[in-house]
1. The conditions are (1) charged (D, E, K, R); (2) surrounded by fewer than 13 Cβ atoms within 10 Å (Cβ to Cβ); (3) touching a strand residue (DSSP E or B) at 6+ places or on another chain (Cβ under 9 Å); (4) in a helix (DSSP H, G or I), and Glu166 fails exactly one of them. Which is it?
2. Just a yes or no: is a residue in the range 203-213 acidic (Asp, Glu), farther than 30 Å from Arg129 by Cβ and within 21 Å of the chain's Cα centre (by Cα)?
3. Which condition breaks for Ala228 when tested against (1) without any contact (Cβ under 8 Å) to a residue 60 or more places away in the chain; (2) part of a helix (DSSP H, G or I)?
4. So which residues in the range 89-124 are part of a loop (DSSP other than H, G, I, E, B) and either within 14 Å of Arg176 (Cβ to Cβ) or of a type in the set (Asp, Glu) (or both), if there are any at all?
5. For the range 34-58, enumerate the residues that are surrounded by fewer than 19 Cβ atoms within 10 Å (Cβ to Cβ) and of a type outside the set (Gly, Ala, Ser).
6. Just checking, how many residues over the range 132-159 are surrounded by fewer than 20 Cβ atoms within 10 Å (Cβ to Cβ) and within 21 Å of Thr9 (Cβ to Cβ)?
7. Does Val110 satisfy the condition of being touching a Cys at 6+ places or on another chain (Cβ under 6 Å) and surrounded by 22 or more Cβ atoms within 10 Å (Cβ to Cβ)?
8. Test Arg73 against the stated conditions and say whether it is in contact (Cβ under 8 Å) with a residue 40 or more places away in the chain, in a helix (DSSP H, G or I) and within 28 Å of Glu33 (Cα to Cα).
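Read-outs: derived from the displayed coordinates by stated rules, not from any lab. If you're wondering where the values come from, they're calculated on a predicted model, not measured in any experiment. Please note: Cβ atoms are built from the backbone with ideal geometry, for glycine as well, and neighbour counts cover all protein chains shown.
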Amino acid sequence: MSKRIDSWTSAKLRGEKRVLVTAYDYPFARLAEEAGIDGVLVGDSLGMVVQGHRDTLQVTLEQMAYHTEMVARACSHTLVFADLPLGSYEESPAQCWRSASTLLRAGAEVIKWEGGLEFREHLEFCAARGLNVCVHLGLTPQRLRQWGGFQRQGTTPEAADRLAKEALTLAQSGARFLLLEAVPADLAAQISAESPIPVIGIGAGPSTDAQVLVLHDVLGFGKAPPFARAFVDGADLLRRGLADYAQAVREQHFPTATRKR
């Protein structure tokens, strides 16, 4: 296990929270590292926040590798996670390993995929070959069209019990990280307490070992989901900067004439 991943497990044992954001290119990944963010996720959320699609289903493995390469160049000590997009891993453990290898070569250290026990064979196959896997449970965006929209998961006693047992089984089967999305806070707290591996939450309350948010939600680009928070009005800041630039050009205040020597 790499020292960076080992440090996350040690932080969990000490009760120290870790922080992740998504990033999709070199400049923002560099800023995240400079800000002291612990992990950067190259998420297939790029389909929505970068490409402008209504969901993540259009993203390809080639696109994920392209963005992972940019992010990895910026991260000298920040842990880099990368998503396997829809259609790149579900078919077989061998397909999953090949796709994960593509993202490893691009610079990712942890590979994340959506789905639990239905991919247990994939997990065991890849973990046996040294792959650091983050399993994504709860609300899995790649299945939104199947579900008909964003729906919280684990909201009944039966569903919560299944999810808790699934999380523990996956940790015992070789997962290095678990990501819980849009599950009740008390369920996320229970799973985090029982899990031997770090649990990352998004829309899952405050008790997980780490939190992740989409970078564009943190920076105030567009309307953030209810569980997120914009920590700066980045959209307004950039609009004002661009408007000031345009005004300076139109009023001939920029560029200024250079003096001849």
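1. Answer for Glu166: the failing condition is (2).
2. Filtering the range 203-213 down to residues acidic (Asp, Glu) leaves 209.
In the following step, the residues that additionally are farther than 30 Å from Arg129 by Cβ were identified as none.
No, there is no match, as no residue in the range 203-213 is acidic (Asp, Glu), farther than 30 Å from Arg129 by Cβ and within 21 Å of the chain's Cα centre (by Cα).
3. For Ala228, the exception is condition (2).
4. Here is the first cut: in the range 89-124, the ones part of a loop (DSSP other than H, G, I, E, B) are 89-92, 107-109, 115-116.
Selection gives Glu90, Glu91, Ala108, Glu109.
5. Glu34, Val49, Val50, Gln51, His53, Arg54, Asp55, Leu57, Gln58
6. 0
7. Details: touching a Cys at 6+ places or on another chain (Cβ under 6 Å): yes; surrounded by 22 or more Cβ atoms within 10 Å (Cβ to Cβ): yes.
Judged against the criteria, Val110 is a match.
8. yes
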